[in-house]
Every structure is written in C-alpha cells, then in structure tokens.
1. Are there any helices (runs of 4 or more DSSP H) wholly within segment C:1-97 with 2 or more residues that are modelled with pLDDT of 90 or more and surrounded by fewer than 19 Cβ atoms within 10 Å (Cβ to Cβ), and if so which?
2. Being among the aliphatic types (A, V, I, L, M) and in a loop (DSSP other than H, G, I, E, B) is the filter here; which residues of segment A:90-99 pass it?
3. Taking the condition of being closer than 19 Å to A:Glu74 by Cβ and either touching a Gly at 6+ places or on another chain (Cβ under 9 Å) or among the polar types (S, T, N, Q) (or both), how many residues in segment C:136-150 meet it?
4. Which residues, taken from segment B:3-31, are more than 22 Å from B:Met233 (Cβ to Cβ) and touching a residue at least 40 places away in the same chain (Cβ under 8 Å)?
5. Between B:Trp261, B:Trp303, which is in contact with a Gly (Cβ under 6 Å, 6 or more places away or on another chain) and either surrounded by 21 or more Cβ atoms within 10 Å (Cβ to Cβ) or not in a helix (DSSP H, G or I) (or both)?
6. When you scan segment C:80-95, do you find a residue that is more than 20 Å from A:Val10 (Cβ to Cβ), within 12 Å of chain D (Cβ to nearest Cβ), touching a Pro at 6+ places or on another chain (Cβ under 9 Å) and among the small types (Gly, Ala, Ser), even just one?
7. Consider only pairs whose beta carbons are under 7 Å apart and that are at least six residues apart or on different chains; among these, list those whose first residue lies in segment D:8-28 and is at the interface with chain B (Cβ under 7 Å from one of its Cβ atoms) and closer than 21 Å to B:Leu8 by Cβ and whose second residue is assigned to a helix (DSSP H, G or I) and of a type in the set (S, T, N, Q).
Amino acid sequence: MPGLTHYLVVSALLFSLGLFAVVTRRNTVAILMGVELMLNAANINLVAFNKYAAPGAMQGQIFALIVITLAACEAAVGLALVLAAYRTLETVYVDEINLMKW
Amino acid sequence: MGWISDVLRAIVGTIIIFSAVAFIAVMFGVLLERKISAWMQSRLGPKHVGPQGLLQTLADTIKLLQKENIVPARADKVIFASAVIVVPLAALLDYVVIPFGTTRSGPLIFRDLNIGVLYFAATSSLVVVGILMAGWGSNNKYALLGGMRSAAQMVTYEIPMGLALVTVALVAGSLSTVTIVNGQARLWYIVTQPVAFLVFLVAATAEVNRVPFDLVEAESELVAGYFSEYSGMRFALFQLGEYGEMFAMAAMAVTLFLGGWRGPVLPPVVWFVVKLYALIFVFMWVRWTYPRFRIDQMLNFSWKILIPVSVLNLVVTAFFAVVAHR
Amino acid sequence: MTGEAIAFYILAAVTLGSAVVVVTSGNIVHSAAALVPGFLGVTGLYILLNAEFVAGIQVLIYAGAITVLILFAIMLTEGGTGLGGRQRNEQALVGATVAAAMAVLLIIVATRTGWTAGGGTLPPYTPGAIGQSFLRQNILVFEGTSIVLLVSLMGAIMTARRED
Amino acid sequence: MLLDWGYVAIFALVGAGMVALPLLIIWLISPRSDYPQKFETYESGVPTIGQAWSQFHVRYYLFSLVFVVFDVEIIYLYPWAVVARSLGAFAFWEMLVFLAILVLGLAYAWRRGALEWT
C-alpha cells in the first residue's frame, strides 16, 4: 500500500524536474511549463496530506482547487506577458530579453 | 478472487461499448447521414451494397483497411501518430457515464461515477488537445489553420455547455447521471429547462464541428480541416472520433433533458435509442438546412448571446430552485 | 502487491516520465504535448487519494484548458519556426545540480519526518462535501477567487492586446 | 469509489488498444509503394512552399484567455450546484455575488474588444 511518503517522494521529484526546467530553459513558454509542473507537485502534496494527515477535513482539497485556479490565472497572465514581450522584442528567449540590463 | 471477475466485466463492458459505438452508432450514423442528405436533396443515396445500401459503410471501411498508410515526409511523426489515438479515445471515454437503460438489477451503465457530468465535460475537453496535435503534427497549412480554428471554436462553446450542465446539476442536486435520470421520473427537464436544452444542443453542434459550425473543416477553403493529411484507416479513425462524439453529445442530451431511458410501454433501452436517433436526426436536419457561419459570427454567437443567456438562465433557475422554493 | 500499489507505481512512472520529456525535449511542441499524459498521471494519483472531484477539475482545467492555452501561445510566438534554436542556457549543469540537490533535500525531509497520521475514518469526498466546505467554512476564499479571476482576466487582456 | 475508477482505467486501456488495433492491421496488410510525390504535403497539387508552422494572430490567444477564466469559474459552480438547494437562500446570494463579478469580467472583455474578431 503506498503511504504518505510515497506521494511526497513523487511530488519532490516532480517539483525538482519543474525547477530544472525553470532554471535551464531559454524559452519563456517552456519556463511556464516548468512552473506548472511545480504547482502540480504542490497539489499532490496538498491532497496527500488531506487524506493521510487530516482525513476529516476538506481543506487540502479546497486548497488544491485554489491552486489550480491560480495556476490558470498565472498561465493566462504569464503567456500574455510572453506575447507582449514577443511583440516588442521579437524573441521569446529569456536571455535575449535583456533591455533592462543596460 | 473477486477482482478477476471485476476485471473481466470491465473488459467485456468496454468491448461491448466500443463495438456498439463503432458499428451501430458510427457506421450506421454515416449511412444515415448519406441517406438523409439524399432524401433532403431528392436523391437516392447509396443503394447498391447490401439491401438498400445498408452495407455501404462496412464496404467503405474494408476498403479503407486496405489502403496504404501514408505519413507525409514533413510531418512530425510522433505527434502525427498519437493524435489519431487521442481524438477517438477521448470521444469514446464519454460513454462511461451514459446510462443506456435499466434492468432489474440496476441501471445499464458502464460506471455511475459520483462526478458523472464533470467527467463528461472533462473528457470531451480532451478532444481539443488531440485536434491541435493533429493540426500541428501534419505540418500542412490547411490542417494547422483548421486545427487552430477548431480549437478556438471548441473551447469557446465549452463554456455555454458547462453552464447548461451546471444548470441541470442544480435542478437534480447531483452530478451523477443516473440520479439525474431518476430525477426526471415525473417531468423531463426539457419542460422546466428549455433554454438550457437549446444552449446544450447548439454547443454540442459546435463541439462536434458540424454545420453550421463547420467552418473549421470547410471543404471549399480548408480541404478537410485538421485531418487533411490523414488518409486510409487514420481518416476512418477521425471519422469514428467525430461521429462518436456526436452520438455521445446526443446521448448526454437525452440523459440530461429527455428523461434518459424513461418512457411508457417499450423497454427502456428502446426508448433510449429512439430518443437518441431523434436527436441525431435533428443534427442532420440542421446540417442540410443551414449555411455556414463565418468565424467572427461563430465566436460572437457564443460570447455575446449564448453565454449571457445561459448565465441568466442559471441565475433564474437558482432563484426558483433555492429561494422561491422555501 | 495490491492493485492500489501497482496503480500507484504505474501512475508515478507515467507522471515522472512525461515530466522528463517536458523538461528535456528540444522541441517545444513535444514538451507541451507531453504535459497531457503528465497531467493525466497526476489525475490518477488524485483518484488514488480519493479526491475524485479534484481529479475531474485537474483534467478539465490542466489537460483541457491550460495545455490549449500553452499550445496557442506557442503557435502565436514562434510556432515551429524556432525549432532549430538552442533550448537550454549555459546553466544546464548548475541547474541540474540545484534540482538534484532540491530533490535529495525534499526526499530526505519527506522520509525522515515522522508525519502524524490523522485518525478517524475517511469520509467520502463527494462534490457535495466540497460544496459544503466551500460555502460554509471557506466562503471568503470562494469570493476572493472570483476577484482574482476578474483581475487576471483584465490584466491579461490589457497585456495581450495590441495597442492601437 | 476506487473500484469505479479501476473500471474507467480499464476502459481507457482496452479502448486505446481497440483504437490502435486497426492501425496494427493496416500496418500488417496495407500495400507499400514508394515514390516521393506521395509523401508531399497536400496543398491541392501545387508544390509546397515553406513550412506550415508559422506565427498566428494574437486574437486566438485573447479568446482562449477569456475561455480559461470562465472555465475556471465553472469549476466552482459544480460543487455549488450540488448543495445549493440544501443550503438555501444564503448559497444563492453568495453565488450571485460570484457570478456578478465574473459577468463584470465578461463585460470588460466585451468593452475592450477582446471578443471582436478583427
């Protein structure tokens, strides 16, 4: 029977993969995908703790729903920013979006 | 060993549902479409294969089975190949929650899920991803344009469809399809919820990319839309996906608004099939009656008419069900 | 090994395998497409955790909506035109080290901590129970979400629209 | 409950197999004949120019953006719809506030022309 720890390990690995994408990807959209993976990892934790640590409460699942909502908002706004940046700078690569460095 | 019998039952149920959808619904549906279009245009339609052309689609399928399997050289092979599985599978997954009838030992349904209606919305939203994959993977301008339009249209009409589903869930007080059908023992929801029914029907037409919402695969401008590059059996699988989705939408409309399997005298399954084919006939009737929407008209229709109307309908329904009820 | 354990390992493998494709694929559209099995694997994990409503929402929002949004954004920026470009920056080695360190740290924390197991029986997490919880105990969160949605809608429209 | 979803999982797996079966059959029995024109991208017989993978107009994104926000709104309506009648008038007014805020969003999108296909 998989227990709480099993889920936590899966979520830790998923989170690290997301982190790896965020740190190393050049394409902004790919970075956003990494963020989505990290949010998913957090959600697994929330739901797993809900079941194993506080089975009577619904708070973990409620919070997971909120996180999903925020992930959708984040994707919408983030991708809108990507489009805006692409329109003015003609690139989606974060290391080429460097006007602020000057 | 209880689990072996469960697994066997699940496998047999799956095979029965898949075969029924593929052979009875889709193959017969294609034939019906050709016959009805012929009838509306004063033609005869397929007539030579089998009695009255009944075996025409079967013959077509056998022909498609022998065709060469062509993958365009420029296509993205992986995505091109997986899209052909995703689209029909996502369409057929809808059938899990549809109650086809009832027997002495309970309703005839693959599985009565707690979140039935939500499950239906979720699986049908997966089709969009498959379509975008097909359009992009083909590396064909028509296919990609059709796929993008398709996706824009399907996501747009998911909102009014979701609102209609919520309205029914509110009236029935449950998301389980069997409970919803049982809630219609006295009165079909089409009587109390005609607006939601119409919204659902229009949204369903758009979800399956049929006329008047077929601008995504308009022959005269986009060849065949997102599946232009698919030939032979892969083409047939996309047809399976489209017709399977259409039958799923009609079956869901029957379940939600037309009382599902309920009806006097005749056995429940027969009632279900009769209502299902009545709705399918409406879809086909519309197809050969209306001209095609332009893309801006299609989008405006959803955002500026259907969504405000269904939000209003939801509020009014909620008011009468929750506040005025007391 | 019970059926639940087998299902757990399969789902974990699917999730992590697709995540690896998402992270490493040189083709951005392949990454986006690989998100779908990844999200579906997480959905399966939710179901194993008895959270079927959250699972339904996961498919509807993540697999059905966010993936489409991401695919659209890809088509709108480079489409497949930038497929030949370099996808990873110079920090690949450092990034891998950091991510691996993070994974090791998290796994150590997860396995070493003595989590207190909650008592009591598992209630059915039905949609009705979620609704009760939302409308009775978390009403402020519920209304707050709608404000967040409104603000992000306005912000995103303002950002994405062409100024003309 | 897990039993339900076990059934659904088998449905998906067996279903994927049944969808893939015809593909296996054609792989086994279909004829093969190679000549380069056959694998050209279909553009009504004219030789293909350039890639299909190109940039699309931002209006597609605007629509999918409004869609995502409303889709998220609807996920909150499902649990509400199930319990609304047992909770009574309070639930109705709560939802009215929720919906009103989102209708405001729709009105804003409409006003700003995000719903125009220009």
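The values are calculated or read from the model by the stated rules, or taken from the named source; none is laboratory data. None of these values were measured; they are calculated from a predicted model. All Cβ positions, glycine included, derive from the backbone under ideal geometry; neighbour counts span all protein chains shown.
1. Details: elements: C:3-24, C:28-48, C:52-57, C:67-77.
Correct list: C:3-24.
2. Step one: list which residues in segment A:90-99 are among the aliphatic types (A, V, I, L, M), which gives A:92, A:94, A:97, A:99.
Answer for segment A:90-99, where residues must be among the aliphatic types (A, V, I, L, M) and in a loop (DSSP other than H, G, I, E, B): A:Val92, A:Val94, A:Ile97.
3. So the answer is 4.
4. B:Gly13
5. Details: B:Trp303 fails: in contact with a Gly (Cβ under 6 Å, 6 or more places away or on another chain).
After applying the criteria, what remains is B:Trp261.
6. So in segment C:80-95, the residues more than 20 Å from A:Val10 (Cβ to Cβ) come out as C:80-95.
Now drop any that are not within 12 Å of chain D (Cβ to nearest Cβ), which leaves C:80-84.
Now restrict to residues that are touching a Pro at 6+ places or on another chain (Cβ under 9 Å): none.
Scanning segment C:80-95, I find no residue that is more than 20 Å from A:Val10 (Cβ to Cβ), within 12 Å of chain D (Cβ to nearest Cβ), touching a Pro at 6+ places or on another chain (Cβ under 9 Å) and among the small types (Gly, Ala, Ser), so the answer is no.
7. D:Ile10/B:Thr14; D:Phe11/B:Thr14; D:Val14/B:Thr14; D:Gly15/B:Thr14
Yes/no matrix, rows are residues, columns are (1) among the aromatic types (Phe, Trp, Tyr); (2) more than 7 Å from chain C (Cβ to nearest Cβ); (3) assigned to a helix (DSSP H, G or I):
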{"site": "A:Ala30", "(1), (2), (3)": "no, no, yes"}
{"site": "A:Val35", "(1), (2), (3)": "no, yes, yes"}
{"site": "A:Phe49", "(1), (2), (3)": "yes, yes, yes"}
{"site": "A:Ala57", "(1), (2), (3)": "no, yes, no"}
{"site": "A:Thr69", "(1), (2), (3)": "no, no, yes"}
{"site": "A:Gly78", "(1), (2), (3)": "no, yes, yes"}
{"site": "A:Ala84", "(1), (2), (3)": "no, no, yes"}
{"site": "A:Thr88", "(1), (2), (3)": "no, yes, yes"}
